[in-house]
Structures are given as C-alpha cells and as structure tokens.
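Okay, so here's the structure we're looking at.
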Amino acid sequence: MPRTENKVLPWLLISPAAAIVFCVMFYPLMYSFYISLHNLMLNQPEAMEFIRFGNYLRLLNDPLFLRSMGLTLYFVGLSVFLQLIVGMAMALVLNEPLKGRGWVRALLVLPWALPGTVVGGIWRWIYHADYGLINGLLRILGVLKGSLLWLGPGMALNAVVFAEVWRMAPFAGLMLLAGLATIPRQLYDAARVDGATGWQIFWYITLPLLKPTIGIILVMRTMFAFQNLELVYVLTKGGPGTQTYLLPYYMYTVSFNQLQAGYGSAMAYGITILIALVCGIYLLTLSLSERRVEA
C-alpha cells in the first residue's frame, strides 16, 4: 500500500467518531458560549440582542450569584472532605481480612449507585419533622419531645451535605481500597518489625502511597459536587429562603424558570471556571507536597 494511503487511512477511520464528538460535545459548548454573549429569553427568541460580555459583568454584580458561590464552595469543601475521611475509614476496615467483607463491599456500592433524585427522596423522608426516621428515633430514645426541622433555617445546608456524604463516601472508599491493594505488604511487615505503631504506619507508609488516589478522588468529587442539582432540587428547592441556593440550582432556576438562557449560559461558564480553579489548586498543592517529599 502506498505511504500516502497509510497516512490517510487512520484519519478516515477516526472521522466518524470525531464527527460524533464534535456534534455532541464541541458544538453545544460553542453554541452555549455564543448564547452567553446575548440577552436571550426562551419565550422571546426573536428579540435576542448581542450584549458582548454583559452577562458576565452581571454575574460579578449579582448578589445572589455571589451568595450562591459562597454556599457552593462551603458545600463542596465540607462534603468532599467528609467523603474522603469516611471513605478512608471504610477502606482501612475493609482492607482487613474480615469475614463477609465481600458482602459489605457490595452493600457499600448501593448508595453510590442510586440516582440523586432517589437519594433526595430517601433523605427527605428521613429528615421529615413529623414522621421522619431521625426524629422518630430521638423520640423513642427520650432525647426529643417535639420536632427538629432538619431542613429548616440554619440546618438545611448541613443536612444536604450529610446526604451527599452518605451517597458518595462509598465511591471514595472503593477507590482508596483499590489503592491500598497496590501497597506491598512487606512494607507493613518491616515497619512492625521495627516497632512502628499503627498510627506511624498509616502516616508514613499508607497515606503517602495513597496520595495519587486521593488526588484523583479530590478532583473527581469536586467536579461532580459542583454539578449537584438533583439533591438540592428534591430536598430543599434552594430553601429555606436562599440557604441552599447552590450554583447549579440557581443556574437551573435562571435558565428554565425565568427563561433567561443568555444569563444562564454565562453562569454555566462561570461555574466551569470556578471548577477549573478549585481543581487546579488541588493538583498544585498535591504536586508541591510530592516535590517536598522527594527533596
């Protein structure tokens, strides 16, 4: 076969897949950016007006957007941190040779496998003030006589965080469990022979060798936590007031309730930039810590 045909054939083979990727991914991205430069109402598409970066300037002066950004950073930071802590505890326990740990691992996957809307419905019942599971148990134990509003003022955001941790901590646990399986047992045996305590083994052997896995978990969970819409939508709908008005919910409200497609698209790009900044900080911090260890 001529050499020119060898060069052309690979491009011909990947062109169908490339066309699909372009249509499914890049075209919507470019079109949404185009929309973000316009004042577009979905119920009045003919009145679309080009306003350059007016929607982006509006974001910086929107007090509700800035409040939502603060609430979202709190939600993401606390939920991802707790997922990592709970996941690490799960992984360390399941890494031990316990009876029935295979069944326990299978059960751990269930919360993670459930759709977000289902998880929201489950926790909405658990948090219910009158017939919810938590208040019911507290009444049986004699700790509570009335009702606690778990989704009320001052408690709703932390309640959403707890539901998110319950749902996604198994993902972190399974990832860390896979990372623990790659650590040679000889390192632990040698450390015990040298008289190292369990905490010293964890701090100086387990944790450093799990840093690549931890980095992957941090980046992945941060990206998905920033996109969490269904849990807030089912549990609180942004309430009470705006106490759980996270950025994805605000973007959804602006785009589909208020029909402001241009402003909603600009908000989507603002969220994307915020995700990139936070994940970049994670990766830079991990890279610097690894360099210090190597030095």
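One residue is enough: does segment 223-234 have a residue meeting the conditions over 18 Å from the mean Cα position of the chain (by Cα) and charged (D, E, K, R)?
No: segment 223-234 contains no residue that is over 18 Å from the mean Cα position of the chain (by Cα) and charged (D, E, K, R).
Of the residues in segment 223-232, how many are part of a helix (DSSP H, G or I) and surrounded by fewer than 19 Cβ atoms within 10 Å (Cβ to Cβ)?
3
I'd like to check something: does segment 256-268 contain any residue that is part of a helix (DSSP H, G or I), of a type in the set (A, V, I, L, M) and without any contact (Cβ under 8 Å) to a residue 24 or more places away in the chain?
Among the residues of segment 256-268, not one is part of a helix (DSSP H, G or I), of a type in the set (A, V, I, L, M) and without any contact (Cβ under 8 Å) to a residue 24 or more places away in the chain, which makes the answer no.
(1) at pLDDT below 90; (2) of a type in the set (Val, Ile, Thr); (3) closer than 30 Å to Gly238 by Cα: which one isn't true of Ile20, the others all being true?
Status for Ile20: all satisfied but (3).
Report the residue count in segment 87-117 for those that are out of contact with any Pro (no Cβ under 8 Å at 6 or more places or on another chain), β-branched (Val, Ile, Thr) and in contact (Cβ under 8 Å) with a residue 40 or more places away in the chain.
Counting residues in segment 87-117 that are out of contact with any Pro (no Cβ under 8 Å at 6 or more places or on another chain), β-branched (Val, Ile, Thr) and in contact (Cβ under 8 Å) with a residue 40 or more places away in the chain gives 1.
Can you name every residue in segment 123-157 that is surrounded by fewer than 17 Cβ atoms within 10 Å (Cβ to Cβ) and either in contact with a His (Cβ under 8 Å, 6 or more places away or on another chain) or touching a residue at least 24 places away in the same chain (Cβ under 8 Å) (or both)?
Gly152, Pro153, Gly154 - these are the residues of segment 123-157 that are surrounded by fewer than 17 Cβ atoms within 10 Å (Cβ to Cβ) and either in contact with a His (Cβ under 8 Å, 6 or more places away or on another chain) or touching a residue at least 24 places away in the same chain (Cβ under 8 Å) (or both).
So for segment 37-48 (the condition being closer than 30 Å to Ala178 by Cβ and modelled with pLDDT of 95 or more), does at least one residue qualify?
no
I'd like to know if segment 207-215 contains one or more residues that are part of a helix (DSSP H, G or I), at pLDDT 95 or above, touching a helix residue (DSSP H, G or I) at 6+ places or on another chain (Cβ under 9 Å) and within 22 Å of Leu84 (Cβ to Cβ).
no
Being farther than 16 Å from Phe75 by Cβ, among the hydroxyl-bearing types (Ser, Thr, Tyr) and buried (at least 16 other Cβ atoms within 10 Å of the Cβ) is the filter here; which residues of segment 236-281 pass it?
Thr253, Ser255, Tyr263, Ser265, Tyr269
Does segment 183-230 hold any residues that are more than 30 Å from Thr72 (Cβ to Cβ) and among the hydrophobic types (A, V, I, L, M, F, W, C), and which are they?
Ile183, Leu187, Ala190, Ala191, Val193, Ala196, Trp199, Ile201, Phe202, Trp203, Ile205, Leu209
What is the number of the single condition among (1) under 28 Å from Gly241 (Cα atoms); (2) surrounded by fewer than 16 Cβ atoms within 10 Å (Cβ to Cβ); (3) under 21 Å from the mean Cα position of the chain (by Cα) that Val109 does not meet?
Against the list (1) under 28 Å from Gly241 (Cα atoms); (2) surrounded by fewer than 16 Cβ atoms within 10 Å (Cβ to Cβ); (3) under 21 Å from the mean Cα position of the chain (by Cα), Val109 comes up short only on (1).
Taking the criterion of being over 17 Å from Ile85 (Cβ atoms), exposed (fewer than 15 other Cβ atoms within 10 Å of the Cβ), among the β-branched types (Val, Ile, Thr) and out of contact with any Leu (no Cβ under 9 Å at 6 or more places or on another chain), would at least one residue in segment 183-204 satisfy it?
Looking through segment 183-204, at least one residue is over 17 Å from Ile85 (Cβ atoms), exposed (fewer than 15 other Cβ atoms within 10 Å of the Cβ), among the β-branched types (Val, Ile, Thr) and out of contact with any Leu (no Cβ under 9 Å at 6 or more places or on another chain).
Restrict the check to segment 6-23 and report whether at least one residue is surrounded by 11 or more Cβ atoms within 10 Å (Cβ to Cβ) and touching a residue at least 60 places away in the same chain (Cβ under 8 Å).
No; the residues of segment 6-23 include none that is surrounded by 11 or more Cβ atoms within 10 Å (Cβ to Cβ) and touching a residue at least 60 places away in the same chain (Cβ under 8 Å).
State whether the residues of segment 39-52 include one that is assigned to a helix (DSSP H, G or I), surrounded by 13 or more Cβ atoms within 10 Å (Cβ to Cβ), of a type outside the set (S, T, N, Q) and touching a residue at least 24 places away in the same chain (Cβ under 8 Å).
Checked against the condition, which is being assigned to a helix (DSSP H, G or I), surrounded by 13 or more Cβ atoms within 10 Å (Cβ to Cβ), of a type outside the set (S, T, N, Q) and touching a residue at least 24 places away in the same chain (Cβ under 8 Å), segment 39-52 yields no hits at all.
Determine if segment 87-97 includes at least one residue that is assigned to a loop (DSSP other than H, G, I, E, B), of a type outside the set (Asp, Glu), within 30 Å of Tyr188 (Cα to Cα) and at pLDDT below 90.
For segment 87-97, residues assigned to a loop (DSSP other than H, G, I, E, B), of a type outside the set (Asp, Glu), within 30 Å of Tyr188 (Cα to Cα) and at pLDDT below 90: present.
Only residues in segment 63-79 that are part of a helix (DSSP H, G or I) count as the first member; pair them with residues that are of a type in the set (A, V, I, L, M) and surrounded by fewer than 14 Cβ atoms within 10 Å (Cβ to Cβ), Cβ under 9 angstrom, at least 6 apart or cross-chain, and list the lot.
The qualifying pairs are Leu66/Leu60.
The values are calculated or read from the model by the stated rules, or taken from the named source; none is laboratory data. The model shown is predicted, which means the values in this text are computed figures rather than measured ones. Don't worry about glycine lacking a Cβ; one is built from the backbone with ideal geometry, like all the others, and counts go over all protein chains shown.
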